[in-house]
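One structure is given here, and the rest of the page talks about it.
Every number in this text was worked out from the coordinates using simple rules, so none of it is lab data. The model shown is predicted, which means the values in this text are computed figures rather than measured ones. When we count neighbours, we look across all protein chains shown, and the Cβ atoms used for this are built from the backbone with ideal geometry, even at glycine.
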């Protein structure tokens, strides 16, 4: 069995275009650690640490490889002097207390081995508190709490970048960036989605929210005057903008035909189930804001403040610039007759070269 697992690992790595992969099995917790460095061409690789249970270790490695490549393109598209990386801690189940702390400290030791070629931060199922623990042993970590010398939660800044991206996308489709009266469905109202929904409500958009945690959706809806949509109906409700802000892979051959929107623009990573879905969205007459561009606000904030010494004013200008970058991508797509995803890839490759 072990021989088969490593043969699958080898096949995945050999087919990948990244620079390096670190694989470690953590015996005390039963977790696999995968650190993927896709590119250091523009600078040290940066990317979050995801903690998740997978059906097989190879699935976790494939996820880390795919996400690290997206980070390379994200950094390039928003013109940050960093490369792309990602880490996945594939845990057998939920970890709490000392068991979680021990895993994170041993993971910090692993990141240290890379000697600054990879910097990490929070991602799915990891938090600012987790970054504080990693930071006890490892200096190559962003988004520790402000009391520990970090920049804190990047979520609201990710949301602000998505907000500017939605305005640029609405302008592209409807000829005005004004969100007043526009119907925006936010799918997933966690840290980023909730902040986005609040900003949209402040801009007088008609906000619809959907979340698998019904109480969370109802509570936020009551605070901002939004309407709640059942999770199984979110992708088929008529709206101007559909904003996926939960896990990725929700836009595919089965879900795209159900969409009744003019724009898809949200914070989730890897929104397309497969590359061909960009063509499906274009064929359906739906403008797609490439996820690795529109959700770059957290990177701009954390990496900018902690590594580049940016002020909050500079961060605000760069977050607004996400809308300008998307406008450039849309213009490229129109001029070349290609999808917005392909245009974003082209922009990133031009900056990588």
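The table below lists the values:
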item	result
Gyration tensor (Cα) of the range 258-333, equivalent ellipsoid semi-axes in angstrom	28, 13, 10
Alpha-carbon centroids, the range 185-228 and the range 337-353: separation in whole Å	32 Å
Fewest-first ranking of 52, 74, using other Cβ atoms within 10 Å as the exposure measure	52, 74
Mean projected area in nm² (Cα convex hull; one quarter of hull surface) for the range 227-281	3.6 nm²
The chain: angle of helix 97-113 to the longest principal axis, Cα-based, in degrees nearest 10	80 degrees
Cα convex hull of the chain - mean projected area over all directions, nm²	17.3 nm²
Calculated [θ] (222 nm, deg cm²/dmol) that DSSP helices of n ≥ 4 give over the chain, each run adding -39,500 (n - 2.57)	-14500 deg cm²/dmol
Computed P(r) (all Cα pairs; the range 2-149; 10 Å bins; percent)	12, 44, 35, 8, 0
Estimated inter-spin distance, residue 349 and residue 233, nm [label 7 Å along Cα→Cβ]	4.3 nm
Exposure proxy ranking, count of Cβ atoms within 10 Å, fewest first, for 311, 49, 250	311, 250, 49
Rounded to 10°, Cα long-axis angle of helix 2-14 versus longest principal axis of the chain	50 degrees
Ranking of 170, 88 by count of other Cβ atoms within 10 Å, fewest first	170, 88
Expected-Rg normalisation [2.2 N^0.38 Å, Cα atoms] applied to the range 129-203	1.45
At 1.306 mPa s and 10 °C, Stokes D of the range 96-166 from Kirkwood alpha-carbon radius, µm² per second	124 µm²/s
Isotropic mean projected area of the C-alpha convex hull, the range 191-231 (nm²)	2.5 nm²
Principal axes of the range 155-352: Cα extent on each, largest first, Å	44, 41, 29
Distribution of pairwise C-alpha distances over the range 140-254, 5 Å bins, in %	2, 11, 21, 22, 18, 12, 7, 4, 1, 0
Between 0 and 90°, nearest 10: helix 191-202 axis offset from the chain longest Cα axis	20 degrees
Mean Cβ count within 10 Å, highest first, over the residues of peptides 155-164, 196-205, 59-68, 280-289	155-164, 59-68, 196-205, 280-289
Cα gyration tensor shape for the range 53-121, rounded if a/c is under 1.5, else prolate or oblate	oblate
